Every structure is written in C-alpha cells, then in structure tokens.
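Q: The structure's right below; bear with me while I get my questions together.
Bear in mind that the values in this text are calculations on the coordinates, not laboratory data. As the structure is a prediction and not an experimental result, all values here were calculated from the model. Here the Cβ positions follow ideal geometry from the backbone for every residue, glycine too, while neighbour counts run over all protein chains shown.
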Amino acid sequence: MDTTNIVIIGAVITALVQAIKLLGVNSKYCPVIAILLGVAFFAISGFGWFAVVMNGIIVGLTAVGLYSGAKNTYEAIKGE
C-alpha cells in the first residue's frame, strides 16, 4: 500500500468518525472508533496481523490528530 492510499484512508476515517459523532456518539469514544476503523481498513488489505494492527493504530490516531489540529487552528484564526 502506497502513501497516497494511506493518506486517503486517514481522510476517510476522519469523515466517518465525524459522521458517527453526528449520530450522537460521545466524542470521548472517537479515538477508539478511529483506531477500530483503521484496523478494519487494513484488515481487508491482506497484510499480516501485526502490520494490520500497527498501521490501523497509526492511521486512526493520525485521523483524530488531523481533525483536532485543524479544529484548533480554525478556532485560533477565528478568535483573532
């Protein structure tokens, strides 16, 4: 799997987690949901279990951090 696909998966996970939040899920569960979605995406890729788990955790937490960073930057710019 190349870098472009990993970036796309991160963006898709970010969107899915935000959609799940709109359904009323408490936001404290979002990192866990993002990790599970990341593992699920990599599970269908055919990698070994260790690579699936590690890549899923990395991409899931990256997706959560991407959203958090963008939100904080937007709020900082809006507040000025």
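Q: Across the stretch 36-47, in residue order, what do the Karplus-derived ³J(HN,Hα) couplings come to in whole Hz, using 6.51 cos²θ - 1.76 cosθ + 1.60 with θ = phi - 60° and x for Gly and Pro?
A: Computed from phi, the couplings for the stretch 36-47 are 4, 5, x, 5, 5, 4, 6, 5, 7, 7, x, 6 Hz.
Q: Moving on to the next point. If you line up the long axis of helix 49-79 against the longest principal axis of the chain, both from Cα atoms, how many degrees apart are they, to the nearest 10?
A: Result, in degrees: 10.
Q: Ok, one more. What list of ³J(HN,Hα) values in whole Hz, one per residue of the stretch 18-32 in order, does the Karplus curve 6.51 cos²θ - 1.76 cosθ + 1.60 (θ = phi - 60°) give from phi, with Gly and Pro shown as x?
A: Rounded to whole hertz, the list is 5, 5, 5, 5, 5, 7, x, 6, 4, 5, 5, 8, 4, x, 5.
Q: Given a Förster distance of 22 angstrom, what is the FRET efficiency for Ile44 paired with Lys78, based on the Cβ-Cβ distance and rounded to 0.05?
A: 0.05
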